[in-house]
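Visitor: Questions regarding the structure given below will be posed in turn.
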Amino acid sequence: MESNNVFLNGKKHNNFCWENLGDIKVGRGDLGEEMPVLVYRLMQYTMLDVLTREYDVDKANDYFCKAGYLAGTEFAKNVLDLSADFNAFIAGLQKVLQDLKIGVLRMEAYDPQTGDIILTVGQDLDCSGLPITYENVCSYDEGFISGILEMYTGKKYIVREVDCWANGDRVCRFSGSVAET
(Lines give C-alpha, C1' and ligand atoms only; values in the text may rest on other atoms or scores of the structure.)
Protein backbone atom coordinates (compact mmCIF):
# COMPACT_ATOMS: atom_id res chain seq x y z
CA MET A 1 0.00 0.00 0.00
CA GLU A 2 1.24 3.45 -0.91
CA SER A 3 1.96 5.81 1.97
CA ASN A 4 -0.34 8.76 2.56
CA ASN A 5 2.29 10.59 4.57
CA VAL A 6 3.48 14.00 3.46
CA PHE A 7 5.42 16.67 5.25
CA LEU A 8 3.89 20.11 5.62
CA ASN A 9 5.92 22.84 7.27
CA GLY A 10 8.32 20.18 8.50
CA LYS A 11 5.59 18.15 10.25
CA LYS A 12 4.26 14.77 9.23
CA HIS A 13 0.69 14.85 7.89
CA ASN A 14 -1.32 11.78 6.97
CA ASN A 15 -3.45 12.62 3.90
CA PHE A 16 -7.06 11.55 4.16
CA CYS A 17 -8.03 8.19 2.77
CA TRP A 18 -11.23 6.21 3.33
CA GLU A 19 -9.46 3.52 5.35
CA ASN A 20 -8.45 6.13 7.95
CA LEU A 21 -12.08 6.29 9.05
CA GLY A 22 -11.34 3.01 10.83
CA ASP A 23 -13.60 0.16 11.88
CA ILE A 24 -16.34 2.04 13.68
CA LYS A 25 -18.26 -1.11 14.63
CA VAL A 26 -15.22 -2.50 16.45
CA GLY A 27 -14.12 0.80 17.97
CA ARG A 28 -17.59 1.80 19.20
CA GLY A 29 -18.90 -1.64 20.12
CA ASP A 30 -21.13 -0.45 22.97
CA LEU A 31 -22.03 2.99 21.59
CA GLY A 32 -22.69 1.99 17.99
CA GLU A 33 -22.25 3.90 14.75
CA GLU A 34 -24.80 6.66 15.32
CA MET A 35 -24.57 9.88 17.26
CA PRO A 36 -26.89 12.85 17.70
CA VAL A 37 -26.92 15.55 15.03
CA LEU A 38 -26.20 18.00 17.88
CA VAL A 39 -22.71 16.53 18.30
CA TYR A 40 -21.97 16.70 14.57
CA ARG A 41 -23.13 20.33 14.41
CA LEU A 42 -21.15 21.21 17.53
CA MET A 43 -17.96 20.10 15.77
CA GLN A 44 -18.94 21.65 12.43
CA TYR A 45 -19.99 25.07 13.64
CA THR A 46 -17.20 25.51 16.19
CA MET A 47 -14.68 24.58 13.48
CA LEU A 48 -16.30 27.08 11.12
CA ASP A 49 -16.24 29.76 13.83
CA VAL A 50 -12.52 29.25 14.47
CA LEU A 51 -11.69 29.31 10.75
CA THR A 52 -13.78 32.45 10.27
CA ARG A 53 -12.00 34.21 13.12
CA GLU A 54 -8.56 33.11 11.86
CA TYR A 55 -9.20 34.01 8.24
CA ASP A 56 -12.56 35.45 7.19
CA VAL A 57 -16.03 34.20 6.27
CA ASP A 58 -15.23 33.63 2.59
CA LYS A 59 -11.99 31.76 3.29
CA ALA A 60 -13.61 29.62 6.01
CA ASN A 61 -16.46 28.72 3.67
CA ASP A 62 -13.93 27.96 0.93
CA TYR A 63 -12.12 25.53 3.25
CA PHE A 64 -15.40 23.89 4.20
CA CYS A 65 -16.32 23.53 0.54
CA LYS A 66 -12.92 21.95 -0.21
CA ALA A 67 -13.34 19.54 2.71
CA GLY A 68 -16.82 18.67 1.46
CA TYR A 69 -15.41 18.05 -2.01
CA LEU A 70 -12.80 15.66 -0.64
CA ALA A 71 -15.49 13.89 1.38
CA GLY A 72 -17.79 13.71 -1.64
CA THR A 73 -15.15 12.19 -3.91
CA GLU A 74 -14.19 9.56 -1.33
CA PHE A 75 -17.84 8.89 -0.44
CA ALA A 76 -18.70 8.36 -4.10
CA LYS A 77 -15.74 6.04 -4.72
CA ASN A 78 -16.37 3.96 -1.60
CA VAL A 79 -20.15 3.95 -1.12
CA LEU A 80 -21.89 4.60 -4.46
CA ASP A 81 -22.27 2.56 -7.65
CA LEU A 82 -20.45 4.78 -10.15
CA SER A 83 -21.19 2.36 -13.02
CA ALA A 84 -25.00 2.65 -12.73
CA ASP A 85 -27.05 4.53 -15.31
CA PHE A 86 -28.03 8.05 -14.25
CA ASN A 87 -31.48 7.25 -12.84
CA ALA A 88 -30.17 4.27 -10.87
CA PHE A 89 -27.25 6.37 -9.62
CA ILE A 90 -29.56 9.12 -8.33
CA ALA A 91 -31.89 6.52 -6.76
CA GLY A 92 -28.90 4.88 -5.06
CA LEU A 93 -27.62 8.24 -3.83
CA GLN A 94 -31.07 9.09 -2.44
CA LYS A 95 -31.20 5.79 -0.58
CA VAL A 96 -27.71 6.05 0.88
CA LEU A 97 -28.21 9.66 2.03
CA GLN A 98 -31.48 8.72 3.70
CA ASP A 99 -30.10 5.49 5.21
CA LEU A 100 -27.15 7.42 6.68
CA LYS A 101 -29.54 10.14 7.88
CA ILE A 102 -27.70 12.84 5.95
CA GLY A 103 -30.89 14.12 4.35
CA VAL A 104 -33.73 13.50 1.94
CA LEU A 105 -32.47 14.11 -1.59
CA ARG A 106 -34.75 15.07 -4.47
CA MET A 107 -33.76 15.89 -8.01
CA GLU A 108 -35.78 18.82 -9.34
CA ALA A 109 -34.17 19.18 -12.75
CA TYR A 110 -31.44 17.68 -14.90
CA ASP A 111 -30.35 18.61 -18.40
CA PRO A 112 -28.44 15.66 -19.91
CA GLN A 113 -27.09 17.91 -22.68
CA THR A 114 -25.39 20.44 -20.40
CA GLY A 115 -25.16 18.44 -17.16
CA ASP A 116 -26.97 21.21 -15.27
CA ILE A 117 -28.74 19.84 -12.21
CA ILE A 118 -30.92 21.16 -9.40
CA LEU A 119 -31.16 19.10 -6.23
CA THR A 120 -32.87 19.67 -2.90
CA VAL A 121 -31.96 18.16 0.42
CA GLY A 122 -34.65 18.15 3.09
CA GLN A 123 -34.04 17.46 6.76
CA ASP A 124 -30.42 18.33 6.03
CA LEU A 125 -27.83 17.18 8.56
CA ASP A 126 -26.08 20.55 8.43
CA CYS A 127 -28.82 23.10 8.83
CA SER A 128 -32.43 21.91 9.13
CA GLY A 129 -33.84 23.48 12.27
CA LEU A 130 -31.24 26.23 12.55
CA PRO A 131 -32.44 29.72 13.43
CA ILE A 132 -32.92 32.02 10.48
CA THR A 133 -29.75 34.06 9.99
CA TYR A 134 -30.41 35.15 6.40
CA GLU A 135 -27.41 33.37 4.99
CA ASN A 136 -26.67 30.17 3.12
CA VAL A 137 -24.58 27.99 5.40
CA CYS A 138 -24.13 24.72 3.52
CA SER A 139 -20.74 25.33 1.87
CA TYR A 140 -19.59 21.86 2.99
CA ASP A 141 -22.57 20.37 1.14
CA GLU A 142 -21.71 22.35 -2.00
CA GLY A 143 -18.34 20.65 -2.07
CA PHE A 144 -19.78 17.26 -1.10
CA ILE A 145 -22.27 17.30 -3.98
CA SER A 146 -19.70 18.59 -6.48
CA GLY A 147 -17.30 15.79 -5.49
CA ILE A 148 -20.00 13.15 -5.92
CA LEU A 149 -21.08 14.52 -9.31
CA GLU A 150 -17.49 14.72 -10.52
CA MET A 151 -16.75 11.13 -9.56
CA TYR A 152 -19.89 9.94 -11.34
CA THR A 153 -19.63 12.03 -14.52
CA GLY A 154 -15.87 12.51 -14.81
CA LYS A 155 -16.52 16.25 -15.20
CA LYS A 156 -15.68 19.05 -12.77
CA TYR A 157 -18.84 20.51 -11.22
CA ILE A 158 -19.51 23.89 -9.66
CA VAL A 159 -22.31 23.56 -7.09
CA ARG A 160 -23.89 26.51 -5.29
CA GLU A 161 -26.55 26.55 -2.63
CA VAL A 162 -29.39 28.75 -3.82
CA ASP A 163 -31.87 28.16 -0.95
CA CYS A 164 -31.08 27.28 2.67
CA TRP A 165 -33.00 26.59 5.87
CA ALA A 166 -30.90 29.27 7.60
CA ASN A 167 -32.10 31.71 4.96
CA GLY A 168 -35.74 31.00 5.70
CA ASP A 169 -36.34 28.11 3.29
CA ARG A 170 -37.44 24.65 4.40
CA VAL A 171 -35.09 22.71 2.12
CA CYS A 172 -31.60 23.32 0.89
CA ARG A 173 -31.53 23.71 -2.89
CA PHE A 174 -28.35 23.27 -4.88
CA SER A 175 -27.67 24.25 -8.46
CA GLY A 176 -24.85 22.44 -10.22
CA SER A 177 -23.22 22.99 -13.57
CA VAL A 178 -20.23 21.56 -15.36
CA ALA A 179 -17.24 23.85 -14.97
CA GLU A 180 -15.92 25.40 -18.16
CA THR A 181 -12.47 24.15 -19.01
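Visitor: Can you pull out the residues in the stretch 107-125 that are under 15 Å from Val159 (Cβ atoms) and not in a loop (DSSP other than H, G, I, E, B)?
Guide: The answer is Met107, Glu108, Ala109, Tyr110, Ile117, Ile118, Leu119, Thr120, Val121.
Visitor: Let me ask you something else. Residue check: is Leu21 of a type outside the set (Val, Ile, Thr), modelled with pLDDT under 95, loosely packed, with under 10 Cβ neighbours inside 10 Å and within 30 Å of Ile158 (Cβ to Cβ)?
Guide: The answer is no for Leu21.
Visitor: Checking the condition of a type in the set (Ser, Thr, Tyr), open to solvent by less than 60 Å² (accessible area, probe 1.4 Å) and part of a loop (DSSP other than H, G, I, E, B), which residue from Ser175, Ser146, Ser128, Ser83 passes? Write out each step before concluding.
Guide: Working: Ser175 fails: part of a loop (DSSP other than H, G, I, E, B); Ser146 fails: part of a loop (DSSP other than H, G, I, E, B); Ser83 fails: open to solvent by less than 60 Å² (accessible area, probe 1.4 Å).
Only one candidate passes the filter, namely Ser128.
Visitor: Here is a follow-up. Out of Thr52, Thr73, Thr114, Thr120, which single residue is at pLDDT 95 or above, exposed (fewer than 13 other Cβ atoms within 10 Å of the Cβ) and among the hydroxyl-bearing types (Ser, Thr, Tyr)?
Guide: Selected residue: Thr114, the only one of Thr52, Thr73, Thr114, Thr120 that is at pLDDT 95 or above, exposed (fewer than 13 other Cβ atoms within 10 Å of the Cβ) and among the hydroxyl-bearing types (Ser, Thr, Tyr).
Visitor: Can you tell which of Gly92, Gly68 is touching a Leu at 6+ places or on another chain (Cβ under 9 Å), surrounded by 15 or more Cβ atoms within 10 Å (Cβ to Cβ) and closer than 23 Å to Ser175 by Cα? Please lay out each step first, then the result.
Guide: Values: Gly68 fails: touching a Leu at 6+ places or on another chain (Cβ under 9 Å).
From the options Gly92, Gly68, the qualifying one is Gly92.
Visitor: Could you tell me which numbered condition Thr133 fails, if it satisfies all but one of (1) farther than 22 Å from Met35 by Cβ; (2) open to solvent by less than 10 Å² (accessible area, probe 1.4 Å)?
Guide: Every listed condition holds for Thr133 apart from (2).
Visitor: Can you say whether Arg41 is open to solvent by 70 Å² or more (accessible area, probe 1.4 Å), among the charged types (D, E, K, R) and in a helix (DSSP H, G or I), as far as the supplied structure shows?
Guide: No, not satisfied.
The values are calculated or read from the model by the stated rules, or taken from the named source; none is laboratory data. Everything numeric here is computed off the predicted structure, so don't read it as measured data. Cβ sites come from the backbone with ideal geometry, for glycine too, and all protein chains shown count toward neighbours. Accessible surface is based on the protein model in full, side chains and every heavy atom, while ligands, DNA and RNA are left aside. Shrake-Rupley method; radii C 1.70, N 1.55, O 1.52, S 1.80 Å.
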